[in-house]
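Each remark here refers to the structure printed beneath this line.
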Amino acid sequence: MTLQQTTERAAAEPRTPGRDPAPLLPDRRPARVLGTPAADAVDPALLRELHRHLVVGRRFNEQATALTRQGRLAVYPSSRGQEACQVAAALALRPRDWLFPTYRDTLAVVARGVDPVETLTLLRGDWHTGYDPVEHRVAPLCTPLATHLPHAVGLAHAARLSGDDLVALALTGDGGTSEGDFHEALTFAGVTRAPVVFLVQNNGYAISVPLAKQTAAPTLAHKGVGYGVPGVQVDGNDVVAVHGVLSAAVERARSGGGPTLVEALTYRLDAHTNADDAARYRSDDEVERWRAEDPVTRLETHLRAAGLLDEETGRQALAAAETMAADLRRRVAEEPAVDPMELFAHVYATPTAQLGEQRARLAAELRAEAGSR
Amino acid sequence: MTSRGTTMAEALNTALRHALRDDPAVHVMGEDVGTLGGVFRITDGLAAEFGDARCADTPLAESGILGTAVGMAMYGLRPVVEMQFDAFAYPAFEQLVSHVAKMRNRTRGRLPLPLTIRVPYGGGIGGVEHHSDSSEGYYLHTPGLHVVTPATVGDAYGLLRRAIASDDPVVFLEPKRRYWTKEDWSPDGPAAPVPPIGRAVLRRPGTDAVLITYGPSLPVCLEAADAAREEGLDVGVLDLRSLVPFDDETVCAAVRATGRAVVVHEASGFGGAGAEIAARVGERCFHHLEAPVRRVTGLDVPYPAPLLERHHLPGVDRVLDAVRDLQWPSATRARHGGEPYAVGA
Ligand SMILES: Cc1ncc(C[n+]2csc(CCOP(=O)(O)OP(=O)(O)O)c2C)c(N)n1
Ligand SMILES: [Mg+2]
């Protein structure tokens with residue numbers, strides 16, 4: 001429906017007619033593919049691609065966490081255990097689509113094709129965003145929770161107004177769905193019918209706070225209903241299911257079907273970040289139970305049973321992972337070059353006179369510093 | 001003031017119309033801006049002329065409005081957001097501070113946000129609470145934003161055109177009690193050239209002292225300068241027009257020429273724009289100053305109820321008192337018939 005039509009309808013019907021919420025409600029059980037007959041119908045090439053990304057992604061998480069211990073990264077919010085969501089999010093998009101990640105989603109950004117070192121710039125401390133968002137069509141990693149969700153709606157809405165068929169996929173955590181901007185984003189998405197998909201990675205915790213203290217909603221997918229946005233729940237450790245659900249939602253959005261809210265049930269196996277002590281709020285037993293649901297293992301179990309994971313395929317995936325990790329180690333070991341003068345370069349299109357003065361002062365300080373060395 | 005003429009509201013409306021006409025990327029959005037034309041009618045007729053996609057009524061959620069506009073700007077559009085009132089822009093504060101102001105910087109210049117946020121601000125309209133805030137202090141303290149406020153009809157048009165054309169985000173503060181004042185102005189008239197953002201203008205020359213002001217306080221200062229003239233003091237009035245970027249050069253030139261300055265604004269004084277201006281003038285013009293820079297501002301109280309607001313707002317008398325307090329030499333006092341002006345603050 002165009003905005004014009006929306007307005008005409010609104011004028012004719014001053015109050016919304018009660019719409020049947022049934023089509024918006026999530027199914028009672030999360031969507032699954034692995035371990036069901038549907039798995040046999042999936043294209044083996046897709047399965048292998050997902051597998052390679054999962055193996056590389058797992059290695060990326062482990063390597064990045066290791067880099068924090070070596071002081072090479074200031075902090076790393078790991079997505080170990082959530083790789084299925086990360087990989088599926090990146091692979092569900094076409095090159096012209098946009099991804100809106102959070103601090104948790106570096107792997108999704110890397111899986112989309114952004115250089116790992118550029119992706120980790122924020123966490124390395126040499127600037128905030130290291131990659132070119134416009135070139136890669138990946139918004140900056142967002143830290144203020146849920147505040148990037150309206151951006152995804154706006155970008156998707158603008159594209160639609162411009163006759164451009166791109167889709168925006170925005171990521172958030174379970175905790176983020178309590179933030180006002182989550183609700184405002186869904187409100188705007190519902191009203192504008194913007195081609196946007198929201199993926200909630202429900203890993204059960206917002207730092208230490210479990211979901212039961214976060215919300216009384218039946219499921220997070222139900223949160224779409226109040227905004228006229230259909231909700232879908234998916235097994236977040238089943239990469240094939242997440243990929244299928246997201247791809248369907250993305251293509252629905254592209255063809256004018258409007259927004260979708262997807263809730264993926266998953267778990268982060270690592271602490272919130274390397275600086276967090278997860279033992280203070282969750283038990284080893286719980287972690288063990290989720291380890292048994294490891295997304296990488298689950299795909300490999302299926303691939304083996306289907307005869308799709310021969311030794312050579314497995315070796316190639318591992319080799320790709322090691323190459324990525326070695327490259328990351330080597331490049332992150334180099335001290336990043338920072339230019340203090342750049343502090344003034346990107347505040348305004350043209351620096352103000354006041355910034356010019358401050359720039360000159362800092363330049364003088366640096367000259368004095370160099371002279372006294 | 002002529003009875004025929006153009007109001008500031010009409011000039012702003014014309015600026016929006018011309019911006020929509022000249023650049024298909026421009027999109028106006030906000031609460032009630034479509035069919036109604038905005039609660040102050042600044043967007044009157046725009047939806048009818050350009051369609052409700054170019055001038056869009058949004059859901060009632062300020063953070064969502066500004067956040068959506070950020071996304072639209074990321075795509076390459078040039079959104080012009082209307083916040084309905086000063087105090088109702090606060091829900092959008094996080095978007096403004098964490099994203100609008102920082103996006104260019106966070107992305108090393110790769111994602112500039114050409115977006116204008118129009119905010120009717122200030123008091124003096126007898127509004128009930130939450131309708132009269134002077135919120136400029138929050139914005140000018142945030143690097144990455146431009147903060148612009150017109151005081152005249154011509155500037156309302158010219159500065160809004162500049163703001164919309166700017167590749168930086170501009171918080172455009174509209175002095176709502178000036179909306180209905182008329183001036184003899186037309187966009188095609190000889191006085192129409194559009195002033196660049198960041199330039200203050202001397203509205204009235206004066207050799208004895210200068211009143212530094214902006215937005216809703218300009219008429220108060222002009223009136224105070226007239227009254228001072230009757231007391232034999234030649235007081236100039238400087239209209240800043242833009243708080244960020246700040247025009248140190250013009251401000252300092254005016255202060256050096258007179259040696260005495262009073263800063264006037266409606267917002268509360270403590271930690272406000274006037275404090276910054278007085279400090280800057282002190283740092284730059286100390287040896288030219290004959291007296292400390294005085295501030296005449298709103299009281300440090302939450303914005304008062306309508307029947308009390310006149311005690312809060314800087315009026316002509318308070319401005320005159322501050323001028324009289326500028327440590328005039330006895331010769332000047334003699335010129336005023338030996339009237340004993342108080343010395344010091
Ligand atoms: C507006 C805001 N408030 C608080 C924080 C601090 N914080 C960072 S991550 C986090 C938990 C987020 O939980 P969730 O949305 O479930 O995502 P997860 O970290 O589990 O991926 C908090 C409270 C923040 N980044 N932004
Ligand atoms: Mg979480």
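Structure summary
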| quantity | calculated |
| --- | --- |
| Every pair of residues 6+ apart whose Cβ atoms lie under 7 Å, when the first sits in the range A:170-184 and is under 22 Å from A:L246 (Cα atoms) and open to solvent by 40 Å² or more (accessible area, probe 1.4 Å) while the second is near ligand 1 (Cβ under 6 Å from one of its atoms) and at pLDDT 95 or above | none |
| Contacts under 8 angstrom Cβ, first residue in the range B:96-107 being within 8 Å of chain A (Cβ to nearest Cβ), partner in a helix (DSSP H, G or I), 6 or more apart | B:H99/A:H151; B:H99/B:G67; B:H99/B:V70; B:M103/B:V70; B:M103/B:M74; B:T107/A:P133 |
| Within the range B:144-157, tally of residues that are within 14 Å of chain A (Cβ to nearest Cβ) and part of a loop (DSSP other than H, G, I, E, B) | 2 |
| Index of the failed condition, B:W328 passing every other in (1) modelled with pLDDT of 95 or more; (2) open to solvent by less than 50 Å² (accessible area, probe 1.4 Å); (3) of a type in the set (F, W, Y) | (1) |
| Count of the range A:148-163 residues which are away from ligand 2 (no atom under 16 Å from the Cβ) and touching a residue at least 24 places away in the same chain (Cβ under 8 Å) | 10 |
| Subset of the range A:249-273 (residues that are in contact with a Ser or Thr (Cβ under 8 Å, 6 or more places away or on another chain) and either outside any loop (DSSP other than H, G, I, E, B) or at pLDDT below 95 (or both)) | A:A249, A:R252, A:A253, A:E263 |
| Qualifying residue in the range A:223-233 (condition: closer than 30 Å to A:T36 by Cα, in a helix (DSSP H, G or I) and more than 15 Å from ligand 2 (Cβ to nearest atom)) | yes |
| Close pairs from the range A:70-90: first open to solvent by 10 Å² or more (accessible area, probe 1.4 Å) and within 14 Å of ligand 1 (Cβ to nearest atom), partner modelled with pLDDT of 95 or more and among the acidic types (D, E), Cβ under 6 Å, at least 6 apart | A:R80/A:D270 |
| Wholly enclosed helices (runs of 4 or more DSSP H) of the range B:62-143 bearing at least 3 residues more than 30 Å from B:P306 (Cα to Cα) | B:62-75, B:103-106 |
| Leading residue by the ranking (farthest from A:T172 (Cα to Cα)) among those in the range A:95-118 that are without any contact (Cβ under 8 Å) to a residue 40 or more places away in the chain and in a loop (DSSP other than H, G, I, E, B) | A:D115 |
| Residues of the range A:187-203 classified as more than 16 Å from ligand 2 (Cβ to nearest atom), farther than 10 Å from B:P59 by Cβ and either open to solvent by less than 10 Å² (accessible area, probe 1.4 Å) or facing chain B (nearest Cβ under 9 Å) (or both), total | 5 |
| Among the candidates B:V255, B:V237, residue that is more than 16 Å from the chain's Cα centre (by Cα), open to solvent by less than 10 Å² (accessible area, probe 1.4 Å) and among the β-branched types (V, I, T) | B:V255 |
| Qualifying residues in the range A:96-128 (those that are closer than 30 Å to B:A61 by Cα and away from ligand 1 (no atom under 16 Å from the Cβ)) - the one surrounded by the fewest Cβ atoms within 10 Å (Cβ to Cβ) | A:R96 |
| Matching entry among B:R256, B:R241 (being in contact (Cβ under 8 Å) with a residue 60 or more places away in the chain and in the same structural domain as B:H287 (by TED's automatic domain parsing)) | B:R241 |
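The values are calculated or read from the model by the stated rules, or taken from the named source; none is laboratory data. Bear in mind the structure is a predicted one, so any value in this text is a computation, not a measurement. Glycine also receives a Cβ, built like all others from the backbone with ideal geometry; neighbour counts cover every protein chain displayed. Only protein heavy atoms, including side chains, enter the accessible area calculation; ligands, DNA and RNA are left aside. Shrake-Rupley method; radii C 1.70, N 1.55, O 1.52, S 1.80 Å.
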